[in-house]
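The values are calculated or read from the model by the stated rules, or taken from the named source; none is laboratory data. Keep in mind that what you see is a predicted model, and the values were worked out from it rather than measured. All Cβ positions, even for glycine, are placed from backbone atoms using ideal geometry, and neighbour counts span all protein chains on display. In case anyone asks, the SASA skips ligands and DNA or RNA and just uses the protein heavy atoms, side chains included. Shrake-Rupley method; radii C 1.70, N 1.55, O 1.52, S 1.80 Å.
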Amino acid sequence: MDNPAATPTENTGLISMEYKLRAAVALNEGDKHSAILFQTLSLGATKRQKYSQLFRQRSNLESLVKKITNSEPNKQMPASTTNRDDFTELCTRCEELPPEWTVIQIVKEYTPVATCLKHEELLREPTSIWLTVFRCSDPCEGAPFEPILIPLDPPQEKPTAQYPNYFEHVASIPCEVRNAIAIEATTSTSNQTSRLEIVEELISTAVQRTREWLGPWSNVLVGKFRSPIDQQLENEIFNQIEEFCIHHHINRTGQRLVSLVARRLDLLDDFQLFELCCSDQLDLDDATVEALYTLLANMKFQKFQDKKEEQLNCYPVLLIIDELLDSLPWEMLHPTGEFSRFSNFATLSELFRTHAKQIKGGYFTLSAKQCCTIINPDKNLDKMSARLQMFYKAWYPNFELLIDKAPEESEFRRILQSSNVLIYNGHGSGLQFMNGETLLQHDINCVTFLFGCDSVRLHSNGLFTEMVGTHMYYNAAHCPTVIGALWVLTDLFTDIYSMLLVGNWIPSTNPIYTKHNISSLDTVAFKAGKWQFKNISTTTKSFIGKHPNLLRLMGDCRMFYHLPQRIRCALVCRGLPVINEACI
């Protein structure tokens, strides 16, 4: 699956772009299998070849630029004889993944002007987006399942918006957050508050524009149901849709697409239902469109009157996200859902295969007993250091703490190899203690929290290179899960978030606090340096309960409205879903 469809003289810098080109050509020729294969291979293409001696010797960049520049998606390119075998392998890897997972890939399509654009321009370029469904709740039991491709036109521009171009809007979020926070040091509090409110609105409107653009396809990002009641309702829906599809001669792919969306009809309005029925993906005649709309509208009225999305009770959704779309908080489309991100399918498959023995019911399982926390290693965040020392010394007296001191490389290596959990609280991502190339030489088995600014943000390395993030080094070293930030954070809010997440996922080891919940901490007193709790009802929205499921807790934290949205949706999971057996 990793063999590049390129000549031996090509440089790895443009492999990803050529794969996207081949995917576009294949789709235009009606070869959806090859389109899915090449689009999947386009993500992380260079990373897979980075350490290959053969590819280091390929330096003819000029010839590859010329080849791609002179090619167009509507022109035929020579077909690879390995396409069929590679697609079969892709399907095999999909089938071996846990049945509880939903796996969705989100990728920008190839654009002919790619070789003429700088990286920032490529981020903003309006381009079609392909959704690929690798794993899902399948209504066609017994029938072979193949990945389903859903090509979508780019979102329409909004002339009155701050950023009329949707892609520019999404790409601007990290920069706008950074600028708003930076103003704190140079302007009055009222001006800073106004700028931060604008950032909150910017994030909200980006999510809303994404919902509007996806329309009915946003339901594809709803995971498989846990509840037997939901499963029974799903089966009833699947059976009715199957009968309709048989009667109207709709193929298996069409049946699967309608069924996937219909699982949660309560999340769609009437216009979105009509969008589904009229979609190019179904390609139905007018009479069938009307009949399908009537069926779905009646089904919504009869079966979903009491449904609400207060809390999705679903298994994880694993998102494989194109680097050009990674700055959007996709998790906020269904904020209570369980989401995890991957840079490419190969990383997902490799992590699954590496840790398969520890994966039970769709979750990487560990007992978080050997834990290490690094606090303020750069020694310039004194208030944060004092607050977090107060928390960790009270809540986890047996944790290994490294406070106001940067670990030596040998010490950091020991921590990574001997701990179940590593929690980093400081500037950046912690790569200042061990560079990425050195990190790759080790096998890391601990769940890693990086509570620093931009800690898992992707950064550009220049023209014709793939973006790089700290989590990629960790995942390549087989670190199962990395939690980190997509953009800049502020320390007090991040401290509160980290305590809510870690404090509810790892039970307190202090007998005094075993019956307490960290949600009851008096945050006003905490800011003033005092450790005290207040009475709080477990039914209020400001209460987050203990839970062994880390992704479930992250969903709860996304709904914790006492924190700004720029904090709640900045922290994301990169890697496998995790359960802490010590919390069960």
*Could you check how many residues of region 157-176 are farther than 17 Å from Trp330 by Cα and either in contact with a Lys or Arg (Cβ under 9 Å, 6 or more places away or on another chain) or surrounded by 17 or more Cβ atoms within 10 Å (Cβ to Cβ) (or both)?*
6
*Can Asp322 be described as open to solvent by 10 Å² or more (accessible area, probe 1.4 Å), among the charged types (D, E, K, R) and at pLDDT 95 or above?*
no
*Do we find a residue being touching a Leu at 6+ places or on another chain (Cβ under 7 Å), polar (S, T, N, Q), open to solvent by 20 Å² or more (accessible area, probe 1.4 Å) and at pLDDT below 80 anywhere in region 44-52?*
no
*Collect the residues in region 219-228 that are farther than 11 Å from Leu260 by Cβ and assigned to a helix (DSSP H, G or I), keeping them in residue-number order.*
Pro228
*Every residue from region 466-495 that is touching a strand residue (DSSP E or B) at 6+ places or on another chain (Cβ under 8 Å) and not in a loop (DSSP other than H, G, I, E, B)*: Val468, Thr470, His471, Tyr474, Asn475, Thr481, Val482, Ile483, Gly484, Ala485, Thr494, Asp495
*Which of the residues belonging to region 92-138 are open to solvent by 20 Å² or more (accessible area, probe 1.4 Å) and farther than 18 Å from Glu18 by Cα?*
Thr92, Arg93, Glu95, Glu96, Pro99, Glu100, Glu120, Glu121, Arg124, Pro126, Arg135, Asp138
*Does region 497-534 hold any residues that are open to solvent by less than 20 Å² (accessible area, probe 1.4 Å) and of a type outside the set (S, T, N, Q), and which are they?*
Tyr497, Met499, Leu500, Leu501, Val502, Gly503, Trp505, Ile506, Ile518, Leu521, Ala525, Phe526
*Between a first residue in region 557-575 that is crowded, with 22+ Cβ neighbours inside 10 Å and at pLDDT 95 or above and a second residue that is among the β-branched types (Val, Ile, Thr) and not in a loop (DSSP other than H, G, I, E, B), which pairs have beta carbons less than 6 Å apart while being 6 or more apart in sequence or on different chains?*
Arg566/Val177; Arg566/Val199; Cys573/Ile483; Arg574/Val482; Gly575/Thr481; Gly575/Val482
*asked:* Being surrounded by fewer than 16 Cβ atoms within 10 Å (Cβ to Cβ) and of a type in the set (A, V, I, L, M, F, W, C) is true for just one of Leu416, Leu450, Leu458, Leu463. Which residue is that?
replied: Leu463
*For region 370-413, enumerate the residues that are in a loop (DSSP other than H, G, I, E, B), open to solvent by 50 Å² or more (accessible area, probe 1.4 Å) and touching a strand residue (DSSP E or B) at 6+ places or on another chain (Cβ under 9 Å).*
Gln370, Asn398, Asp404, Lys405
*Yes/no for Gln231 being open to solvent by 30 Å² or more (accessible area, probe 1.4 Å), assigned to a helix (DSSP H, G or I) and modelled with pLDDT of 95 or more*: yes
*Identify, please: which residue in region 313-335 is out of contact with any strand residue (DSSP E or B) (no Cβ under 9 Å at 6 or more places or on another chain) and assigned to a loop (DSSP other than H, G, I, E, B) and is, among those, nearest to Cys569 (Cα to Cα)?*
Pro335
_Go through (1) open to solvent by 20 Å² or more (accessible area, probe 1.4 Å); (2) more than 30 Å from Pro548 (Cβ to Cβ) for Val261 and report which single condition fails._
(1)
*asked:* Being within 16 Å of Asp495 (Cα to Cα) and in contact with a Leu (Cβ under 6 Å, 6 or more places away or on another chain) is the filter here; which residues of region 393-433 pass it?
replied: Tyr424, Asn425, Ser429
*So which pairs qualify, if the first residue must be in region 344-369 and at negative phi and among the charged types (D, E, K, R), the second must be open to solvent by 30 Å² or more (accessible area, probe 1.4 Å) and not in a strand (DSSP E or B), the Cβ gap must be under 7 Å, and the two must be at least 6 apart or on different chains?*
Lys369/Asn420; Lys369/Ala582
*Residue check: is Ser16 open to solvent by less than 60 Å² (accessible area, probe 1.4 Å), more than 19 Å from Pro147 (Cα to Cα) and at pLDDT 80 or above?*
yes
*Please find, within region 257-302, the residue that is farthest from Phe244 (Cα to Cα) out of those that are assigned to a helix (DSSP H, G or I), charged (D, E, K, R) and in contact with a helix residue (DSSP H, G or I) (Cβ under 6 Å, 6 or more places away or on another chain).*
Glu275
*Please specify each residue of region 412-450 satisfying the condition of being closer than 27 Å to His119 by Cα, at pLDDT 90 or above and of a type in the set (A, V, I, L, M, F, W, C).*
Leu450
*Would you say Ala143 is open to solvent by 20 Å² or more (accessible area, probe 1.4 Å), among the small types (Gly, Ala, Ser) and over 23 Å from the mean Cα position of the chain (by Cα)?*
yes
*Scan region 339-369 for residues that are closer than 25 Å to Gln39 by Cα and assigned to a loop (DSSP other than H, G, I, E, B) and jot them down.*
Ser343, Asn344
